[in-house]
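Q: The structure follows.
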Amino acid sequence: MGAPLFASSLEPYHDRLTEAIDRVARSGRYILGPEVDAFEREFAAYLGVRHCVGVANGTDALTIALRALGVGPGDEVVMPSFTFYATAEAAIVMGAKPVFCDIDVETFCVTAETVRAALTPRTKAIVPVHLFGNVAPVPELRELGVPVLEDAAQAAGAELGGVKAGALGDAATFSFFPSKNLPCLGDGGAIATDDDGLAERARLLRFHGSRDKSTFTAVGYNSRLDEMQAAVLRVLLPELDGWNARRREVASAYERIGLGQGVALPREVSGAKHVYHLYVVRAERLPVGRGYYRVPVHRQPAIAADVDLPATEEAARTNYALPMGIDLTEDQVRAVCASGST
């Protein structure tokens, strides 16, 4: 027998995914067609926003959203350093300066206090990261009076105060990379917003700065969510809440069974509904798990910013991501806990 067509977690959806892919292949419409239109409407409705703009990947989503917010050369964008490099990269490629703020080491997210300390008159946007599936306190950040762009790449389906991540700020960005809570079968991303003007600018920028393929009013990008990926996402979107509920069950099992002394379990931001893209604990040493962002962005060779971020440094040094997924059994959780206690 050959290798399975889809990853094991997607095998139950084999027939529907195959039908969706075949439908697109037979249609002759591969770029910005009816599947993208439909997914944009469906994902916007799921999030509770007016607009969703599909783009090629999560990094492009950040770049285009920042451009649509008016960020440009010389501007400053406040963001955490404990994140994937792309969060900062999106600002840098436009000539803007990432200004790194610290985090709450227990939630791995920024706070209003850490962001406020990094604001200057040149701050044009704040980019909180909903790291590992937690949700940063966006309503408090909006009170600071600067546009807020949520980096929700790891938090599809998460909530804060009953509002979906992606509907809390001025705009939000998503990645549908295959490892994400809502995956496609390759690269894919989206921008979500309630702002009509911002959505229109994002649509313009994702297609070379043109609305009609012949008149170009801006220098934009070639960044479109393709029809195949949109069709796949339409099949999987209705499963997202159930998958996230299962992830929360696995997280509860870790807590209930216990990981031994000296392990700090992840803590939800107050009022948040964490979706555990990753289940990340903190310990001085753990024989299981993988460390994420051991070299935070401000210490990466391409940036090397001179800034004091003690909670970021602690999180980078002590975090361990334990197995997490919708197929993880309680026996497997017990085995991980036993390994972590040795």
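Q: Suppose a student asked you for the relative contact order of the chain, using Cα pairs under 8 Å spaced at least 6 residues apart; what percent would you report?
A: Computed over the chain, the figure is 20 percent.
Q: In which sequence would Ile126, Ile103, Ile303, Ile257 go, from the one with the fewest C-beta neighbours within 10 Å to the one with the most?
A: Listed from fewest to most nearby Cβ atoms, that is Ile257, Ile303, Ile103, Ile126.
Q: Right, here's the next one. Report the local net charge at Thr217: Lys and Arg +1, Asp and Glu -1, summed over other residues whose C-beta lies under 11 Å from its C-beta.
A: +1
Q: Would you mind ranking Phe207, Phe216 so that the residue whose beta carbon has the fewest other beta carbons within 10 Å leads the list?
A: Result, fewest neighbours first: Phe216, Phe207.
Q: Any idea what the relative contact order of the stretch 240-340 is, in percent, if you count C-alpha pairs under 8 Å spaced at least 6 apart?
A: Numbers: 126 pairs, mean separation 40.2, N = 101.
Relative contact order for the stretch 240-340 comes out at 40 percent.
Q: What net charge is computed for the residues neighbouring Leu286, neighbours being all others with C-beta under 15 Å from the C-beta of Leu286, Lys and Arg scored +1, Asp and Glu -1? Numbers along the way, then the final one.
A: Working: positive: Arg282, Arg285, Arg290, Arg294, Arg317; negative: Glu284, Glu314.
Computed value for this residue: +3.
Q: Still on this structure, I have one more. Please list 177-189, 113-125 highest first by mean number of surrounding beta-carbon atoms within 10 Å per residue.
A: Going by the mean number of other Cβ atoms within 10 Å, highest first, we get 177-189, 113-125.
Q: Compare Thr318, Thr107, Thr329 in a GNM of the chain, Cα atoms joined below 10 Å, and give the one with the largest fluctuation.
A: It is Thr329.
Q: What ranking of Asp327, Asp104 emerges when the number of other C-beta atoms within 10 Å of each C-beta is taken as an exposure proxy, fewest first?
A: Taking fewest neighbouring Cβ atoms as first place, the list is Asp327, Asp104.
Q: Short version: ³J(HN,Hα) in whole Hz for each residue of the stretch 164-172, in order, from phi by Karplus 6.51 cos²θ - 1.76 cosθ + 1.60 (θ = phi - 60°), x for Gly and Pro, what are they?
A: Along the stretch 164-172, the couplings run 5, 4, x, 10, 9, x, 6, 7, 8 Hz.
Q: Another question about this same structure. Calculate, for Asp37 and Ser252, the FRET efficiency according to 1/(1 + (r/R0)^6) with r their C-beta to C-beta distance and R0 45 Å; round to the nearest 0.05.
A: Numbers: r = 38 Å, r/R0 = 0.85.
Rounded to the nearest 0.05, the efficiency is 0.75.
Q: Taking amide H positions as placed 1.01 Å from N in the peptide plane, with prolines and chain starts having none, which residues 5 or more places from Asp75, or on another chain, fall under 5 Å of its amide H?
A: Lys97
Q: Another question, then. Looking only at the stretch 256-296, which residues have a backbone nitrogen under 19 Å from a spot 7 Å from the Cα of Glu330 in the C-beta direction?
A: What the label zone holds, given the 19 Å backbone N cut-off, is 256-260.
Q: May I ask you to list the lysines whose Cα is less than 25 Å away from that of Lys180, ignoring any residue fewer than eight positions away on the same chain?
A: Straight-line reach from Lys180, under 25 Å: Lys164, Lys273.
Q: Sticking with this structure for a sec: Could you work out the Rg to Rh ratio of the chain, with Rh taken as the Kirkwood radius (inverse of the mean 1/r over all Cα pairs)? Don't jump to the answer; show the numbers that get you there.
A: On the way: Rg = 20.0 Å, Rh = 20.6 Å.
Rg/Rh: 0.97.
Q: Among Pro128, Pro323, Pro310, whose mean-square fluctuation peaks in a Gaussian network model of the chain (Cα, cutoff 10 Å)?
A: Greatest mean-square fluctuation among the candidates belongs to Pro310.
Q: Just to confirm my numbers, what's the Cα centroid distance between the stretch 266-342 and the stretch 88-124 in Å?
A: The two parts, judged by their Cα centres, are 20 Å apart.
Q: Summing +1 for each Lys or Arg and -1 for each Asp or Glu, what net charge is found among the other residues whose Cβ lies under 15 Å from the Cβ of Glu200?
A: 0
Q: Now for a different question. What FRET efficiency comes out for Ser27 versus Asn222 if R0 is 22 angstrom and r is the Cβ-Cβ distance? Round to the nearest 0.05.
A: Result of the calculation: an efficiency of 0.55.
Q: Let me ask something additional. Can you tell which of Glu249, Glu159, Glu76 shows the greatest fluctuation in a Gaussian network model of the chain with Cα springs below 10 Å?
A: Comparing Glu249, Glu159, Glu76 in the GNM, the peak value goes to Glu249.
Q: Please enumerate, by chain and number, the lysines with C-alpha under 16 Å from the C-alpha of Lys97, excluding those fewer than 8 residues away in the same chain.
A: Those lysines meeting the cut-off are Lys124.
Q: Could you work out the helix-only [θ] at 222 nm for the chain, with each DSSP H run of four or more residues adding -39,500 (n - 2.57) and the total divided by the number of residues, to the nearest 500 deg cm²/dmol?
A: -10000 deg cm²/dmol
Computed from the coordinates by the stated procedures, all read-outs in this text should not be read as laboratory data. For clarity, every value in this text was computed on a predicted model and none was experimentally measured. Note that each Cβ is placed from the backbone with ideal geometry, even for glycine, and that neighbours are counted across all protein chains shown.
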